[in-house]
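Below is one structure; the comments refer to it alone.
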Amino acid sequence: MKKLLLAVLLLISSVAFAAPQYGGTLVFGRGGDSSTIDPAHATDGESFYASTAVYDNLVQFKYGTTEIEPALATSWDVSADGLEYIFHLRKGVKFHKTNYFKQDVELSADDVVFSLKRQFDPANPYNKVGGAYEYWSAMDMDNIVKDVVAVDKYTVKITLKKKEAPFIANMAMDFASIVSKAFADELLKKGKAEDLNRLAIGTGPFKLDKWIKDDRMIFSANEEYWDGKPYVKKLIFKVIPNNSVRAAELKTGAIHIMDFPNPEEVAELEANPKIKLVRQEGLNVGYLALNTEKKPFDDVRVRQAVNYAINKAEIVKAIYAGLGKVAKNPIPPTMWSYNDEVVDYDYNPEKAKALLKEAGLENGFETDLWAMPVPRPYNPNGRKVAEAMQADLAKVGIKAKIVSYDWSTYLNKTKMGEHQMCLLGWTGDNGDPDNFLYTLLSKAAAVKPAQNFAMWKDDEFTSLVEKAKVTTDVAQRTELYKKAQVVFKKEAPWVTIANSIVVAPMLAEINGFKLDPVGKRRFHKVWIAK
Amino acid sequence: MFSYIIKRLLWSVPTLFGVSLLVFFMVHLSPGDPAMTLLGDHASKEAVEKVREELGLNKPLYEQYITYIQKVLQGDLGNSIKTKQSVLQEFKERFPATVELAVVAMILAIIFGIGAGIISAIKRYSVFDYSAMFVALAGVSMPVFWLGLVLIYFFSVKLGILPVSGRLGYEFYVEDVTGFYLIDTLLANDIEAFWDALKHLIMPAIALGTIPMAIIARMTRASMIEVMKEDYIRTAKAKGCSHFSVVMIHALRNAMMPVITVIGLMLGTLFAGAILTETTFSWPGIGKWIVNAVYQRDFPIIQSATLIIATMFIAVNLIVDLLYALINPKIRLS
């Protein structure tokens, strides 16, 4: 018995403290191919997976979190007025050498200037290559960045048009990746500027060797990577569109890690001794917005009553099929400044009725309830969630009529505030709380066409998030956002429903893999036990 | 013969024109906006408008159509909205995969379909006939994705003898010469890779070939039964020809006419990409590409790919008609 115990202990310690091993080929099975490898032109997750492997940013998200840490810039200074950012570049960082680019080039300020300026400066030869820079516009960068200049070889100055603390988080996003100017120049000279969409020279942990469309991307380790060479020698992204087939590939060991399993297959995969699962809350929130401009939702007591009346735990259990977790705050728990001290409204129909009575609505009322027509990570089935809510609300005397439109009409109409209650959600862009709290709930966001679908105009909340937007100190910002979450809960413009849970099944011998809350897949620290 | 080909080619012009018109308006009038798919749910109205303008989607439809046709006539099939690459380039990258799969599937279907059809016809109402026709019926009615998953479950997950999906194992790498892996691996003199490519082909080819095989088998059987009743078969028998030569030479050649028509039509369809098979087996071909384009509202791909496929269809049909004359000299092309 003792021997057995000892053996078990030894086994556990050997697994727990095993040193990472180098070597091997890691195969990642995913649902779709990249549409481009140019990080500034990509707009979809699949494309970002690949560009993240090849490129670096000035700053980056700490692996597995939304915190910002130095990357190609070792440090940065912000001027007192918050309008000037000076980035000090890491010295001696080399761009990849591949079979399509053989020059030996060191990263310099010119590369940073090129990578950013091509997205907004009409004089840059790449400004018109490959169409519009959609992500740059989507993040409103035209109204944030004034200019980017090289101060010297290792120093870059970015001036802003307005004070914007989340700017630093934007610099960690894929569109702000640093591409090689020398490579872009060479392509331009050959008249093949468009090739930046399918070839990539970056400074990242992996080099792109070959891309066979709709089939696979083959990367090799960047042995000179500034943050230590990757553990695996080769990395392959294999496109396997059918979720069940992808799971079969994992079971046979033909791939090592799979993206997005079918929810109903997760339990079976988990039961397989050869497979383990990594789980994390996604950077998103699904909610029911209560239009505060329309009666009776202008009354806080009614909004609170609706919060008490809906059984969220049941909804998440039944409809999210294990891939969701009840949400209490408007930001997901993986985001910095998440306030865990906030107490959620429990499921309490009696309290709901009492509040309605207090508001003079003891006989209930009639309302509409808009249901999203499309599945989203934060709400897999808008119709079913709406039906469950309808049943819960009926129990306290609220008669809700379900309304739905096609997706673009739905968004356009809700942006104009035509609804009383509507289901919606948000997937974060840059991992900054501002991207949720200011974007979705501030007074500025309630101007139509609004992103603040509750049309909620609260002075206290808005002043907190506005202040946080122009404060660069992270500790101070955290305090402000925590307070804002308390105000939000009390005023109840939404019923927060759920954050999705992302699951990545992988072979048991895979170590060091983390799911990034910002939706990236990073393989630099992943190793295969032999 | 030559004038016949010219005439047929001229006839294809209005057909292609009609196809382009139909697809263009179907694509543009159905709901869904490429600018919005491109920018995602978060995009502001101005950003969407800007992209629409850049893509030329804000102009009146007829104007967009005329621009499109003008470009096509100059040989420019446009660029994908999503990847910005030329549609023709994207097509070329994926077409060999589709053709390789379609040809192998078709060869399987022809060998087994015609074989089973002949035996069923001459051994009518035998056990073989009943079982072959039952299998053929099952083959026609079986959903391809389901058959694919069943094959994967047995041969890959349970028995572990065939790879689950894809065209080639990740340990192999072949230089693209023809784009057909069976040929490229041999050119590279890499026998191991050749076997691997062949193994990858087996299940998708079976899944894709089942329906054509079933149709060919039933068609061959019916047609053979008809032909075997003809006078010239009796004559051949009376002449003292062997049973084998009666069936294979006198009967089969005459019975093949309708079968060839069907094969031709099916080959055209298979070249257009087998959407379900390609998706199930992660086969990087045309079918999957077009479906993705539809999801993403990638108008240029949908329009131009349809045009390319329509052209191929017309070409395959023409070849089949020419084959008729070769097989049956009684038919004169005029």
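Computed quantities for the displayed model
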item	result
Answer from B:99, B:104, B:140, B:135 - the residue that is assigned to a helix (DSSP H, G or I) and more than 18 Å from the chain's Cα centre (by Cα)	B:135
Yes/no for residue A:87 being under 27 Å from residue A:227 (Cβ atoms) and in a strand (DSSP E or B)	yes
Selection status of residue B:48, among the aliphatic types (A, V, I, L, M) and within 11 Å of chain A (Cβ to nearest Cβ)	yes
Members of segment B:24-52 that are small (Gly, Ala, Ser) and either free of Cβ contacts under 8 Å to residues at least 12 places away in the same chain or assigned to a helix (DSSP H, G or I) (or both)	B:30, B:35, B:40, B:43, B:44, B:47
Selection from segment A:41-69 of residues that are more than 15 Å from residue A:175 (Cβ to Cβ) and either in contact (Cβ under 8 Å) with a residue 60 or more places away in the chain or aromatic (Phe, Trp, Tyr) (or both)	A:53, A:63, A:64, A:65, A:66, A:67, A:68
Unmet criterion (only one of (1) closer than 27 Å to residue A:414 by Cα; (2) surrounded by 14 or more Cβ atoms within 10 Å (Cβ to Cβ)) for residue B:30	(2)
Only listed residue being open to solvent by 10 Å² or more (accessible area, probe 1.4 Å), touching a strand residue (DSSP E or B) at 6+ places or on another chain (Cβ under 6 Å) and within 28 Å of residue A:214 (Cβ to Cβ), chosen from A:98, A:43	A:98
Number of positions in segment A:238-253 that are open to solvent by 10 Å² or more (accessible area, probe 1.4 Å), among the basic types (Lys, Arg) and assigned to a helix (DSSP H, G or I)	1
Tally of residues being under 19 Å from residue A:254 (Cβ atoms), over 25 Å from the mean Cα position of the chain (by Cα), open to solvent by less than 100 Å² (accessible area, probe 1.4 Å) and more than 10 Å from chain A (Cβ to nearest Cβ) across segment B:156-192	2
Segment A:212-236, subset among the aromatic types (Phe, Trp, Tyr) and crowded, with 20+ Cβ neighbours inside 10 Å, residue farthest from the other protein chains (Cβ to nearest Cβ)	A:231
Count of segment A:338-367 residues which are open to solvent by less than 30 Å² (accessible area, probe 1.4 Å) and part of a strand (DSSP E or B)	2
Candidates B:87, B:140 - the one that is among the β-branched types (Val, Ile, Thr), surrounded by 13 or more Cβ atoms within 10 Å (Cβ to Cβ) and at pLDDT below 85	B:140
Residue match in segment A:267-283 (condition: of a type outside the set (A, V, I, L, M, F, W, C), within 30 Å of residue A:106 (Cβ to Cβ) and in a strand (DSSP E or B))	no
Test: residue in segment A:265-281 that is at pLDDT 95 or above and within 27 Å of residue A:434 (Cβ to Cβ)	no
Filtered residues of segment A:124-148 (kept if part of a loop (DSSP other than H, G, I, E, B), open to solvent by 40 Å² or more (accessible area, probe 1.4 Å) and within 11 Å of chain B (Cβ to nearest Cβ))	A:128, A:140
Candidate set: segment B:70-84, residues that are away from chain A (no Cβ under 11 Å) and outside any helix (DSSP H, G or I); chosen: the one most open to solvent (accessible area, probe 1.4 Å)	B:74
The one condition in (1) of a type in the set (S, T, N, Q); (2) facing chain B (nearest Cβ under 7 Å); (3) buried (at least 21 other Cβ atoms within 10 Å of the Cβ) that residue A:203 fails to fulfil	(2)
From the options B:55, B:16, B:21, residue that is over 26 Å from the mean Cα position of the chain (by Cα), touching a residue at least 24 places away in the same chain (Cβ under 8 Å) and open to solvent by less than 100 Å² (accessible area, probe 1.4 Å)	B:55
Complete set of residues in segment A:32-53 that are under 29 Å from residue A:530 (Cα atoms) and either in contact with a Phe, Trp or Tyr (Cβ under 6 Å, 6 or more places away or on another chain) or assigned to a strand (DSSP E or B) (or both)	A:53
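Conditions (1) open to solvent by 20 Å² or more (accessible area, probe 1.4 Å); (2) under 30 Å from residue B:226 (Cα atoms); (3) away from every other protein chain (no Cβ under 11 Å), marked per residue:
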{"position": "B:268", "(1), (2), (3)": "no, yes, yes"}
{"position": "B:271", "(1), (2), (3)": "yes, no, yes"}
{"position": "B:280", "(1), (2), (3)": "no, no, no"}
{"position": "B:289", "(1), (2), (3)": "no, no, no"}
{"position": "B:296", "(1), (2), (3)": "yes, no, no"}
{"position": "B:300", "(1), (2), (3)": "yes, no, yes"}
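The values are calculated or read from the model by the stated rules, or taken from the named source; none is laboratory data. All of these numbers come straight from a predicted model, not from anything done at the bench. All Cβ positions, glycine included, derive from the backbone under ideal geometry; neighbour counts span all protein chains shown. Each accessible area value is taken on the protein alone, full model and side chains, heavy atoms only, with ligands, DNA and RNA left out. Shrake-Rupley method; radii C 1.70, N 1.55, O 1.52, S 1.80 Å.
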